[in-house]
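Encoded as structure tokens, the structure appears first; notes follow it.
The values are calculated or read from the model by the stated rules, or taken from the named source; none is laboratory data. None of the values given here were measured: they were computed from a predicted structure. Positions of Cβ are backbone-derived with ideal geometry, glycine not excepted, and every protein chain shown enters the neighbour counts.
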């Protein structure tokens, strides 16, 4: 039996439990039966607009129920959905539209089409009711599981965004490797934007498990997250360390019943072991850390049974269908046990390639099918992968390699530190000095000198930061990642 098509999975979910909630967004609630019906209506609208199998449908709309309905309708006619994160800059959005040449673009109320870019037929989101109400098509295109389903765009932090292409088969492979993060009937709290790989490539898993997706809304707030945990009977919740820290510090959590939570997921930055312990003890559920990328789909995961230390300081082991190696970047040869190298992986859950760019694809996927992630890490004696930074972020202080993440993890063990970003600072004599931009927790106080000595006691002499400065906030990209290239450090001489 072949891989089911995503549109058929929606049909099956609606037939099995038509009144089950599919999405909850604020006061809006829709069932699987409603979602199935409007996906047919949007599919008919696309066919009437001349959309054919393999054509692109662009979504310039925020995370919402309408976003999901458009995506599912596009899947039913074999269109490729290109979701544009609205936090990308105008030039980045224009680049995405120009390269995908959409046949139809759905435009949100707050979005603007870039000048001089052909976006095909433009459907304003305010007018989608007619599209959703259209009669279902009388004839459907013939589709295959290898047809592309979506293009997921990187955040553009190192130039123009790159588009990773996924299909039904890769989404099915991702679902097979999600592990303890998913269970039939979950009510999942989603904090990532829908344009992110964490939503676009998980819709196969969502439908096969009849998941209820609950959106936290924008802008994110701890108080709203706690309200949703309390009122929506959430069973699975995700967040980055700063979000979880703020949820735990919010006084509203003390009166919130979180007994329905099956698991909490954390990732996206260095994690203090103390935070893992607080999440587990306060919420009364296991905590899991996972690691992947826009291109990899899935890579590694910790287990619910792992210790707080393992969950905080590692990203776990490869999921069942993922092969993983740590290699010397220059040669591709495996490194010695526990040595730092570039993380590469290979699996059926990986992207098929970058959108219409075989040369760029070949620059990250080698002839043997290994994806070169650009992440640096090592595998410990326990078999868990530990990340130490990005290949492009590694810097050299006086001839020694310095990996930012391992120093950031030390900062996160300090009780006053909310966020930390370690960067190379230009130095006249050493080439680069170790610098750190720090955001303190509300109401906490410390000094650069005290933090310097705190880290100095825990790392090698050439690693501790000589230059430390405080800031109210760190620059972040569309998915909340810290943009180190936008950090402007001081320039010590010497």
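Take residue 344 and decide whether it is under 30 Å from residue 286 (Cα atoms), free of Cβ contacts under 8 Å to residues at least 60 places away in the same chain and assigned to a helix (DSSP H, G or I). Even if it seems obvious, please write down each step before you answer.
Numbers: under 30 Å from residue 286 (Cα atoms): yes; free of Cβ contacts under 8 Å to residues at least 60 places away in the same chain: yes; assigned to a helix (DSSP H, G or I): no.
No: the conditions fail for residue 344.
Considering only residues of segment 447-471 that are part of a loop (DSSP other than H, G, I, E, B) and in contact with a strand residue (DSSP E or B) (Cβ under 7 Å, 6 or more places away or on another chain), which is nearest to residue 85 (Cα to Cα)?
Taking segment 447-471 as the starting set, the residues that turn out to be part of a loop (DSSP other than H, G, I, E, B) are 447, 457-466, 471.
Applying the additional criterion that residues be in contact with a strand residue (DSSP E or B) (Cβ under 7 Å, 6 or more places away or on another chain) yields 462-466, 471.
On the way: 462: 40, 463: 36, 464: 37, 465: 35, 466: 37, 471: 26 Å.
Checked segment 447-471; the qualifying residue nearest to residue 85 (Cα to Cα) is 471.
Can residue 387 be described as crowded, with 22+ Cβ neighbours inside 10 Å and outside the structural domain of residue 164 (by TED's automatic domain parsing)?
Judged against the criteria, residue 387 is a match.
Of the conditions (1) buried (at least 24 other Cβ atoms within 10 Å of the Cβ); (2) closer than 20 Å to residue 133 by Cα; (3) touching a residue at least 60 places away in the same chain (Cβ under 8 Å), residue 41 fails just one. Which one is it?
(1)
Please specify each residue of segment 460-487 satisfying the condition of being surrounded by fewer than 18 Cβ atoms within 10 Å (Cβ to Cβ) and at pLDDT 85 or above.
Hits for segment 460-487 are 466, 469, 470, 471, 472, 473, 475, 486.
Taking residue 145 as meeting all but one of (1) touching a helix residue (DSSP H, G or I) at 6+ places or on another chain (Cβ under 8 Å); (2) buried (at least 17 other Cβ atoms within 10 Å of the Cβ); (3) modelled with pLDDT of 95 or more; (4) in a loop (DSSP other than H, G, I, E, B), write down the number of the exception.
Here residue 145 meets the rest and fails (2).
Which of the residues that make up segment 400-413 are in a strand (DSSP E or B) and out of contact with any strand residue (DSSP E or B) (no Cβ under 6 Å at 6 or more places or on another chain)?
Those that are in a strand (DSSP E or B) and out of contact with any strand residue (DSSP E or B) (no Cβ under 6 Å at 6 or more places or on another chain): 400, 401.
Every residue, every condition in (1) within 26 Å of residue 471 (Cβ to Cβ); (2) in the same structural domain as residue 312 (by TED's automatic domain parsing); (3) in a loop (DSSP other than H, G, I, E, B); (4) modelled with pLDDT under 90, yes or no:
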{"position": "367", "(1), (2), (3), (4)": "no, yes, yes, no"}
{"position": "372", "(1), (2), (3), (4)": "no, yes, no, no"}
{"position": "375", "(1), (2), (3), (4)": "yes, yes, no, no"}
{"position": "415", "(1), (2), (3), (4)": "yes, no, yes, no"}
{"position": "422", "(1), (2), (3), (4)": "yes, no, no, no"}
{"position": "432", "(1), (2), (3), (4)": "yes, no, no, yes"}
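For every residue, the table says whether it meets (1) closer than 24 Å to residue 152 by Cβ; (2) more than 21 Å from the chain's Cα centre (by Cα).
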{"site": "231", "(1), (2)": "no, yes"}
{"site": "242", "(1), (2)": "yes, no"}
{"site": "249", "(1), (2)": "no, yes"}
{"site": "262", "(1), (2)": "no, no"}
{"site": "270", "(1), (2)": "no, no"}
{"site": "273", "(1), (2)": "no, yes"}
{"site": "280", "(1), (2)": "no, yes"}
{"site": "301", "(1), (2)": "yes, no"}
{"site": "304", "(1), (2)": "no, no"}
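Spot the failing condition for residue 51; the list is (1) farther than 17 Å from residue 198 by Cα; (2) out of contact with any helix residue (DSSP H, G or I) (no Cβ under 6 Å at 6 or more places or on another chain); (3) in contact (Cβ under 8 Å) with a residue 60 or more places away in the chain, and only one is missed.
That leaves (3) as the condition not met.
For a quick check of your reading of the model, give me the residue pairs whose first member lies in segment 1-29 and is free of Cβ contacts under 8 Å to residues at least 24 places away in the same chain, whose second is surrounded by 19 or more Cβ atoms within 10 Å (Cβ to Cβ) and not in a helix (DSSP H, G or I), with beta-carbon atoms closer than 7 Å and at least 6 apart or on different chains.
29/21
Restricting attention to segment 231-244, report how many residues are touching a helix residue (DSSP H, G or I) at 6+ places or on another chain (Cβ under 8 Å) and surrounded by fewer than 21 Cβ atoms within 10 Å (Cβ to Cβ).
Of the residues in segment 231-244, 1 are touching a helix residue (DSSP H, G or I) at 6+ places or on another chain (Cβ under 8 Å) and surrounded by fewer than 21 Cβ atoms within 10 Å (Cβ to Cβ).
Based on what the data block shows, is residue 164 assigned by TED's automatic domain parsing to the domain that holds residue 10, under 25 Å from residue 3 (Cα atoms) and not in a strand (DSSP E or B)?
no
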